[in-house]
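Structure first, then comments.
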Amino acid sequence: MTTYKLMGVLLAAVFILATTASISAQSTTPQQAEVKEQDETNLDTQLYLIVGTNQVVPEEKLPASLDSVVKQLRTSLPFKSYRLAATLINRVKNDGRLDLSWIGGPLAAGGANSVVTPSFSQFKVRQVRLTRNATGDQMVQMAGFNFGARIPIQTGAVAGVGGVPATNYETTGLSTDISIREGEPVIVGTLNIGPSGDAIILVVSAKRTAR
């Protein structure tokens with residue numbers, strides 16, 4: 001092979017390698033930028049604890065953001081009234097986790113809860129992640145969604161102390177993996193609390209924070 005032909009082959013090989021590297025860089029840069037953008041994304045999560053009861057209690061107006069949820073509840077669950085027992089708002093990083101515990105007031109309507117016998121609750125999500133479904137809609141995955149509560153149940157009166165109520169703590173909870181539409185409140189599940197027939201309805205929503 002002559003010197004000119006050898007130089008031509010070498011120049012062609014260099015051109016092919018440079019072109020391949022350029023195409024590869026162009027194809028990976030947008031993906032890297034998207035990953036970087038997602039890593040800086042935060043989400044606001046909202047957990048609503050709604051109590052459904054058949055006892056005679058004053059009717060409470062729930063937030064307008066829960067209108068669609070309340071409509072669904074009234075058609076699917078036979079409770080006479082609903083009240084909002086707690087609203088928990090938390091911020092979590094995309095691909096991050098959430099873990100909180102708190103001491104709350106009454107959950108069961110007319111139950112044994114008081115300052116002396118509060119309820120103890122815990123809410124965990126192992127991973128909160130933005131994703132898209134098969135049709136391209138923005139979704140929020142909550143892997144390892146877990147809610148648990150220890151609720152005081154009145155079991156009678158303590159003898160010899162003036163009829164002071166005797167109370168036992170009972171544990172209730174729910175664990176699941178869910179995907180929800182961004183910004184849309186969704187019923188995750190219901191938990192019975194005590195002999196009164198009351199129930200806690202868990203509703204959750206999540207959306208990206210404003211930049």
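The values are calculated or read from the model by the stated rules, or taken from the named source; none is laboratory data. All values reported here derive from a predicted model rather than from experimental measurement. Glycine also receives a Cβ, built like all others from the backbone with ideal geometry; neighbour counts cover every protein chain displayed.
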Filtering region 68-92 for residues that are under 25 Å from residue 128 (Cα atoms) and exposed (fewer than 15 other Cβ atoms within 10 Å of the Cβ) leaves a count of 4
For region 33-69 the number of residues that are basic (Lys, Arg) and modelled with pLDDT under 80 is 1
